[in-house]
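Report on the structure given below.
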Amino acid sequence: MIDAIYSTYAAFIGWLYTAGLQPALYAMGLMNYADDLYQWLDFAVFGLVGIVVSWVVCRPLEAANPVERWPDRGAVHTDMIYTILARVGILPLLAFVLLNGAQRWLDGTIAYTGFVPPTLETLFPLLREYPLLALACYVVILDFGEYWRHRFQHRFGWWWALHSVHHAQTQMTFWTDDRNHILDDVLAALWFGALALLIGVPVGQFPVILLILRLAESLSHANIRTSYGRVGERLIVSPRFHRAHHGVFSVGQSGKNYGVLLPVWDWMFGTADFRRDHYPETGDPSAPEGMAKGGWLRQQVLGVRRLAQVLVGRG
């Protein structure tokens with residue numbers, strides 16, 4: 001089933017490229033960039049699909065039972081810009097600029113040496129016969145990696161200076177998931193991509209895993225007054241569980257509830273807050289006002305400024 005979905009999606013991307021993008025590139029004399037822009041189109045369409053899925057799932061729930069209502073939703077509109085740029089525009093382009101050369105060098109080096117790195121499926125051949133079980137294993141391992149990346153974002157001052165852009169939002173909605181500094185997004189992409197490469201995530205399953213984790217993160221940031229109950233809160237990260245992480249008293253190294261999809265990591269490592277009636281105000285009291293209410297560019301500049309202050313010992 002996964003292979004069929006991926007094949008259908010790949011055929012659609014091929015048609016979209018042939019019918020629309022390729023003629024435009026030819027007319028502008030940019031066919032030298034055809035391969036890179038084909039990959040960008042793949043990322044952009046996939047990002048658009050993720051945005052639509054998140055909106056269809058989360059927006060009705062937010063409208064039905066919100067934690068907060070705001071007469072002025074300007075900060076939410078800024079988060080919408082973050083989402084569009086991150087999933088459709090800026091981040092995919094940065095990924096190609098920064099990672100394409102490195103990926104080609106790595107592939108060439110591996111091919112030259114003849115070394116075949118071990119993957120999860122070579123270590124456990126049974127997974128080849130059960131693709132859904134393999135998919136679940138990849139999700140769990142990558143989610144574990146995301147838990148530790150998130151903790152490091154709060155642990156190291158220089159990384160927190162960037163990540164605080166995400167935590168400064170006082171009007172948290174499902175759009176807030178992509179409210180990140182560009183440098184923070186690049187580090188996260190490198191972290192996630194390296195781990196996926198290390199465990200050998202198949203090309204066909206990688207987009208499915210991304211969609212699962214992105215939908216989970218969008219839902220966990222949603223402005224919804226809901227708990228999954230005593231048992232459910234310990235199985236899946238809920239909007240209530242993650243809102244506690246964004247609370248005004250849970251910033252920097254004092255954070256709780258770092259899990260992306262599974263709260264079991266917080267339970268195992270002592271960072272869980274399972275209070276089911278806990279819906280705190282969100283934001284970073286130490287952040288400048290512009291980081292909460294400013295536009296996209298203003299927040300990016302303030303993130304770099306905070307990073308510089310930390311690096312010179314003033315933050």
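Throughout, read-outs are computed from the coordinates displayed, never taken from laboratory work. Keep in mind the model is a prediction, meaning the values are calculated, not measured. In this analysis, Cβ positions are derived from the backbone assuming ideal geometry, glycine residues included, and neighbour counts consider all displayed protein chains.
Listed values, structure above:
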{"read-out": "Dipole in debye (nearest 20) - region 206-264, about Cα centre, beta carbon charges: Lys, Arg +1; Asp, Glu -1", "value": "180"}
{"read-out": "Rounded FRET efficiency, nearest 0.05, which uses the C-beta distance separating ARG73 from VAL304 and R0 of 22 Å", "value": "0.25"}
{"read-out": "DSSP-assigned coil residues among chymotrypsin sites (Phe, Trp or Tyr not before Pro) in region 115-181, each with at most 15 further Cβ atoms within 10 Å", "value": "PHE115, PHE156"}
{"read-out": "Dipole of region 149-216, positive end: most advanced residue of ILE212, ALA196, PHE156 [Cβ charges, Cα centre]", "value": "PHE156"}
